[in-house]
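K.L.:
Pasting a structure here, questions to come.
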Amino acid sequence: TMLYTRYPWKQSSLALRNWHKVPGTTELQNSDSLLPTRQYPHENSSSYCCFAEDSVAGAMMRFRVSRLQADKAWFCFDKYIVCMGTNIKSFEPGSVATTLVQRFRNTQVLLGNKPLTDGEFRSAGKTSFTFEGMRYLLPESGSFKFLLDHRQGNWNTINLEHPSSPVSGDMLTVWQEHDTSTPGQYLYVIHPENIPAPEIKYLRGNNIIGIHTPDGIIAAFFSPGKILDIETAVPGLYINFKNIRKFIPICE
């Protein structure tokens, strides 16, 4: 709900979405149909865990399906959300993208300090963009794309039982494209634009991602390992942040 504090979320945007680009997901960008089938697509060995207390939260997911894998984590404290991913691999042809934003566009979008007009734009990262009172930090280099467009849609394209109901609107989509020749990664941080950027050191190790701030450490261990002076013999979520001391093993 923090992302929708200034402007109401519009339900009709669901009929305008590109469903290969759902915010927060890492997905193959191919032309496969997304209509429901009777087949069970969850032929996976994915696992996850999460924790929340006061203003501190963390979650991690080891995503595994036959065509794609990714290790993903989210670290939240105060008014900051850190989204990190690593070990992104595709096992079939096609590009892979992690989507940061896809929603109705009610206000100006700033990339750095530059207002964006309608069209498609690229960024090499190490910058930020601001939209509807929120700032998205892009601390690492990467291949980011911005699409500002006006779309026409219809409810019955996502619900076959719904009568024809045309909708239209201005949309913003932001995603990071991953090079499929090597394991990919991503990092972005979300916070209200009226507060300063957080003081964070980003941790990346062998199957380990996390953050280190003056308040402590939150890290996701996707396999046993060690980073800084922290070592664990099992995968899981490590939290030593403010007055919270927790380790939550990942659910296999």
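K.L.:
How about segment 53-93: which of its residues are free of Cβ contacts under 8 Å to residues at least 24 places away in the same chain, over 16 Å from Y202 (Cβ atoms) and of a type in the set (A, V, I, L, M, F, W, C)?
P.N.:
Listed by number, the residues that qualify are A57, M61.
K.L.:
So which of A97, A73 is of a type in the set (G, A, S), in a strand (DSSP E or B) and more than 26 Å from I195 (Cα to Cα)? Give the derivation first.
P.N.:
Values: A73 fails: more than 26 Å from I195 (Cα to Cα).
It is A97.
K.L.:
Specify which of the listed residues (E161, E140) is free of Cβ contacts under 8 Å to residues at least 24 places away in the same chain and among the acidic types (D, E).
P.N.:
Working: E140 fails: free of Cβ contacts under 8 Å to residues at least 24 places away in the same chain.
Within the list E161, E140, the selection yields E161.
K.L.:
While we're here: Can you report the number of residues in segment 175-211 which are open to solvent by 70 Å² or more (accessible area, probe 1.4 Å) and in a strand (DSSP E or B)?
P.N.:
Qualifying residue count for the region: 3.
K.L.:
Given the conditions (1) surrounded by fewer than 20 Cβ atoms within 10 Å (Cβ to Cβ); (2) in contact (Cβ under 8 Å) with a residue 40 or more places away in the chain; (3) part of a strand (DSSP E or B), report the number of the one that N106 does not fulfil.
P.N.:
(3)
K.L.:
Then there's this: Please find, among S33, S12, S66, S45, the residue that is at pLDDT below 90 and open to solvent by less than 80 Å² (accessible area, probe 1.4 Å).
P.N.:
Details: S33 fails: open to solvent by less than 80 Å² (accessible area, probe 1.4 Å); S66 fails: open to solvent by less than 80 Å² (accessible area, probe 1.4 Å); S45 fails: open to solvent by less than 80 Å² (accessible area, probe 1.4 Å).
Going through S33, S12, S66, S45 in turn, just one is at pLDDT below 90 and open to solvent by less than 80 Å² (accessible area, probe 1.4 Å): S12.
K.L.:
What number of residues in segment 216-234 are in contact (Cβ under 8 Å) with a residue 60 or more places away in the chain and either surrounded by fewer than 18 Cβ atoms within 10 Å (Cβ to Cβ) or in contact with a Pro (Cβ under 7 Å, 6 or more places away or on another chain) (or both)?
P.N.:
At the first step, the residues of segment 216-234 found to be in contact (Cβ under 8 Å) with a residue 60 or more places away in the chain are 218, 220, 222.
Those still in the list that are either surrounded by fewer than 18 Cβ atoms within 10 Å (Cβ to Cβ) or in contact with a Pro (Cβ under 7 Å, 6 or more places away or on another chain) (or both) too: 222.
Residues in segment 216-234 being in contact (Cβ under 8 Å) with a residue 60 or more places away in the chain and either surrounded by fewer than 18 Cβ atoms within 10 Å (Cβ to Cβ) or in contact with a Pro (Cβ under 7 Å, 6 or more places away or on another chain) (or both): 1 in total.
The values are calculated or read from the model by the stated rules, or taken from the named source; none is laboratory data. Since the model is a prediction, treat every value here as computed from it, not as a measurement. Counting neighbours? That spans all protein chains shown, and the Cβs are built from the backbone with ideal geometry, glycine included. What goes into the accessible areas is simple: the full protein's heavy atoms, side chains included, and nothing from ligands, DNA or RNA. Shrake-Rupley method; radii C 1.70, N 1.55, O 1.52, S 1.80 Å.
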